[in-house]
Amino acid sequence: MTVTLAALVPALPALGAAAGLAAGRRAPGFVRPLAVLPVAASAVLALLVALDLGTGRTLDAATRLTPTGGPAIDLAIHLDGLATAIAVLVGTVATCVQVYSTAYLRDDPRYPSYAALVSLFTAAMMLVVYSGDLIVLLVGWEVMGICSYFLIGHHWETADARSASLKAFLVTKLGDVPFLFGLFALGADAGTFRISGVLDAAAHGHLGHPTLVALLLLAGVAGKSAQFPLHTWLPDAMAGPTPVSALIHAATMVAAGIYLVARLLPVFLLSAAALVVLAVLAAVTMVGSGLCALAQDDLKRVLAYSTVGQLGYMAGALASGDRDAAVFHLLGHGFFKALLFLAAGVVIHAAHTNSLTAMSRMPGLRRRVPDASWTMGIGLVALVGLPPLTGFFTKESVLTAAEHAATGEALTRGLGPADAVPAAAGWIVLVAGAVTALLTGAYATRLWLLAFHAPAARPVVSALAPDDAAGGRAAEPHAMRWPLWVLAVPTLAFGVAGLRTDWLPSLLDGGSLRPSSDTAVLGTGLAAAGVLVAYTAWRAASRQVARAQADAANTALERAAAEHAVRPAGTQAAPEETPADLAADLPPARPAGAPPTHEAIDAAIAAAEAVALTPDPARTLLGPLLTPATRGFGLDRLYAAVFAAPTAAAARLARFLDREVVEGYVQGSGLGARLLGAAVRRAQNGNAQAYLGALLAGAVVLAVAVAVGT
Amino acid sequence: MHLAYPAVLAVLLFSVGVYGVLARRNAVLVLMSVELMLNAVNLNLVAFDVWLRDTLHAGQALTLFTITVAAAEIGLGLAVVLMVFRNRGTADVDRLRDLAENAEPADGADDALPAGHPGPSRAADQEKGRAAA
């Protein structure tokens, strides 16, 4: 019974995708139900399977798919707490995304194919999660790759989306090639592609080349889960629609890499070198992405870099040998990151821009999207990791794992000996995790302040505000609001699931996920410090901006007063409207004499608005690092120089060879035939007797040749 | 009789036929020369049939075939010549040159046009002619 249900979990969204594609043009009315219902049913079934399986049990079922000469390929299901828990997350997030998309892409002409691809994406992730065979897992893995290509390139009219989708595809494929060889090496070593068989072989030490296998697999994981140095596709993937970002960042795609390492962690534990490499990758990813997130102007890119950083936490937990912490963080992060992206979608929808700079000049945004701003606040607090939200517990579990690994008693939960994890890996992850906690606090605070705390409404703008407020409800359709609150609940409360060993940990490998007091104090303290630093920097920056605006306004007023000094002040301007009041904490310096005229005030307002400064704390915080961090530390340019430029040069060479050399031969043969034809055409003079004479001469020549030859 | 006599005669006949085909201008005479060549071959066939003492007389049988085919051929050929003469008023092979390649090199575009279809250049020429008229 469970096997049937479990098989339906990936099958239903796949069938829904096929049906949605088929219905697309002919029956548009069915597209929305076909998008939402199969995914929702799959989510419910995933929950049922999780409940039915319960804790501490595993379920293996298989049918032989292809007898090969070597290790056979089975259509296998391998269910345990790890798989069922992640499947529930995937189902929940995918359902929320589908419901949200019905409103977000309401007027999109390509909605049917979009919804079908999201369903297929979900199905592929479910396949990865449930699969008990590495080759079948690879199928789901690659289907996700191609779905992400299509979904990121959804707005293919724009060059950004096209290049982003190509980039995502190529970069992940770059990792997938070593990954494929890693799977083959693993299958050859273990003699089977079944995950249970591989884990058995790892447990009994039958794997011949664990380091090679682990490093090859890590390349694929780095590509899929956006770890340094293959993370560059993820920030660019923001060119896709926002719900797709939520899906990619929270539940599917990037989670697949972490899941795979968690699933095969016993193999990785056999190789200390692979764990150290993973720890270094995670550390570089975490810190680098934190700095980049602090400098980005695009709201979604900030969130994208934060995803990269949080994935770094998960990879760090895995490098510390604790897959429970990694999966715990994966689940918690899945909920709050989906929430953040969906809320960001609402905000962008309302603000009509992605740019934080533009939002920071947009007063009243918070009032126009109340649900989104509330849930986004919840999500950001969870992201920063302040107690008692989910992020606190999940991040602290990672730091605790790193702390244990650093002291040499890694929490491997019985998957391997505790000394399998080198202490260096623990230290690297612990230090990087602490620094990242600080950075996370800073960039989350910056995001919140810039997006929702525009300086006090100016007279001109506040006059427009009531109109905006009237249209505020329209900015948040129901289908876009309710998924936010559905996801806000686990964001608030999911963290407690790790507190007692018979709750979430019993579903995984057992053991405690309770944060240790040292790291809890350290992590929370650093996160709070990050928040405070960012807030202080923001206060200083906004005071500077206000002062610059006030100066500009006063200069304009003085100039106007000087011009109108000869004229009596005929108009009464209310002093409250004087733009110098913009700077509330500055003494309003007004030119002495007559009250300013309307024209003078208008000129002053214009002058103040011309001071296009943003109270961006990043400038203060990052200092000289700001420009490199904005550009992702030039990694894209490096890749362009190292990989893209040689490829383009090779393409130009191939073009030259094709156009000039090969085509030269082709054209030459045509030209030769034409010239020959022109020569032969001369002979055709219409005199039949001349033809016959030539024929005879030829016959004679042949006869003589034969006669002489014999 | 020695084989050489009919063979030499056949060679002479054939040579006369070849000369006639290549050099005569009248189409009827060309056809007659073809007949001469055919009959030279017939003579060869009969002579070698005898010389080889073929019990099945394949050479003679083949000669009969050749005579039949030649009769049919000359009938058709004369009919064609007659029709040509009626149409053109001449049976001079040298002046029947409709299948000659034009002196001007034909371009691909002109080749693609079906015969008789007034191409753009021809239409332009007609316009020019009308204007001149």
Inset, instruction - Test residue A:247 against the stated conditions and say whether it is crowded, with 24+ Cβ neighbours inside 10 Å and within 30 Å of residue A:197 (Cα to Cα). - result: no
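Within segment A:259-271, which residues are in a helix (DSSP H, G or I), in contact (Cβ under 8 Å) with a residue 60 or more places away in the chain and not β-branched (Val, Ile, Thr)?
Matches in segment A:259-271: A:259, A:260, A:262, A:263, A:265, A:266, A:269.
Every residue, every condition in (1) modelled with pLDDT under 85; (2) open to solvent by less than 10 Å² (accessible area, probe 1.4 Å); (3) touching a helix residue (DSSP H, G or I) at 6+ places or on another chain (Cβ under 9 Å), yes or no:
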| site | (1), (2), (3) |
| --- | --- |
| A:45 | no, no, yes |
| A:48 | no, no, yes |
| A:53 | yes, yes, yes |
| A:107 | yes, no, no |
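Do we find a residue being within 14 Å of another protein chain (Cβ to nearest Cβ) and open to solvent by 70 Å² or more (accessible area, probe 1.4 Å) anywhere in segment A:656-671? Talk me through it step by step, then tell me what you get.
Filtering segment A:656-671 down to residues within 14 Å of another protein chain (Cβ to nearest Cβ) leaves A:670-671.
Add one more test, that the residue is open to solvent by 70 Å² or more (accessible area, probe 1.4 Å), and what stays is A:671.
Among the residues of segment A:656-671, at least one is within 14 Å of another protein chain (Cβ to nearest Cβ) and open to solvent by 70 Å² or more (accessible area, probe 1.4 Å), which makes the answer yes.
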Inset, instruction - Would you check which residues across segment A:54-71 are part of a loop (DSSP other than H, G, I, E, B) and β-branched (Val, Ile, Thr) and list them? - result: A:55, A:58, A:68
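For (1) of a type in the set (Gly, Ala, Ser); (2) more than 30 Å from residue A:84 (Cα to Cα); (3) free of Cβ contacts under 8 Å to residues at least 12 places away in the same chain, each residue gets a yes or a no:
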| site | (1), (2), (3) |
| --- | --- |
| A:328 | no, no, no |
| A:336 | no, no, no |
| A:343 | yes, no, no |
| A:347 | no, yes, no |
| A:358 | yes, yes, yes |
| A:386 | no, no, no |
Legend entry - Out of B:66, B:90, sole residue that is touching a residue at least 12 places away in the same chain (Cβ under 8 Å), open to solvent by less than 50 Å² (accessible area, probe 1.4 Å) and either out of contact with any Phe, Trp or Tyr (no Cβ under 9 Å at 6 or more places or on another chain) or among the charged types (D, E, K, R) (or both): B:66
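Looking only at residues in segment A:381-399 that are assigned to a helix (DSSP H, G or I) and open to solvent by 10 Å² or more (accessible area, probe 1.4 Å), which one is nearest to residue A:495 (Cα to Cα)?
Of the residues in segment A:381-399, the ones assigned to a helix (DSSP H, G or I) are A:381-384, A:390-399.
Now narrow it down to the ones that are open to solvent by 10 Å² or more (accessible area, probe 1.4 Å): A:381, A:392-393.
Numbers: A:381: 13, A:392: 7, A:393: 5 Å.
Going through the qualifying residues, I end up with A:393.
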Legend entry - Residue check, residue B:38 within 20 Å of residue A:688 (Cα to Cα) and more than 14 Å from chain A (Cβ to nearest Cβ): yes
Legend entry - Unique residue being surrounded by fewer than 17 Cβ atoms within 10 Å (Cβ to Cβ) and more than 14 Å from chain A (Cβ to nearest Cβ) when the list is B:52, B:43: B:52
Legend entry - Candidates A:25, A:64, filtered to the one that is under 16 Å from residue A:117 (Cα atoms) and at pLDDT below 80: A:25
Legend entry - Within segment B:1-28, considering residues that are within 20 Å of residue B:75 (Cβ to Cβ) and open to solvent by less than 60 Å² (accessible area, probe 1.4 Å), the one farthest from the other protein chains (Cβ to nearest Cβ): B:28
Inset, instruction - Scan segment A:310-332 and give yes if some residue there is modelled with pLDDT of 85 or more, in a helix (DSSP H, G or I) and among the polar types (S, T, N, Q), otherwise no. - result: yes
Inset, instruction - Residue by residue through segment A:480-506, note down the ones that are among the aliphatic types (A, V, I, L, M), open to solvent by 40 Å² or more (accessible area, probe 1.4 Å) and in a helix (DSSP H, G or I). - result: A:486, A:489, A:492, A:493, A:496
Legend entry - Which numbered condition residue A:230 fails, given (1) under 26 Å from residue A:636 (Cβ atoms); (2) aliphatic (A, V, I, L, M); (3) in contact (Cβ under 8 Å) with a residue 60 or more places away in the chain: (3)
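The values are calculated or read from the model by the stated rules, or taken from the named source; none is laboratory data. In this text the structure is predicted, and so the values were computed from the model without any measurement. With ideal geometry, Cβ positions are generated from the backbone for all residues, glycine too; neighbour counts draw on all protein chains shown. Surface areas here come from the heavy atoms of the whole protein model, side chains and all, with no ligands, DNA or RNA. Shrake-Rupley method; radii C 1.70, N 1.55, O 1.52, S 1.80 Å.
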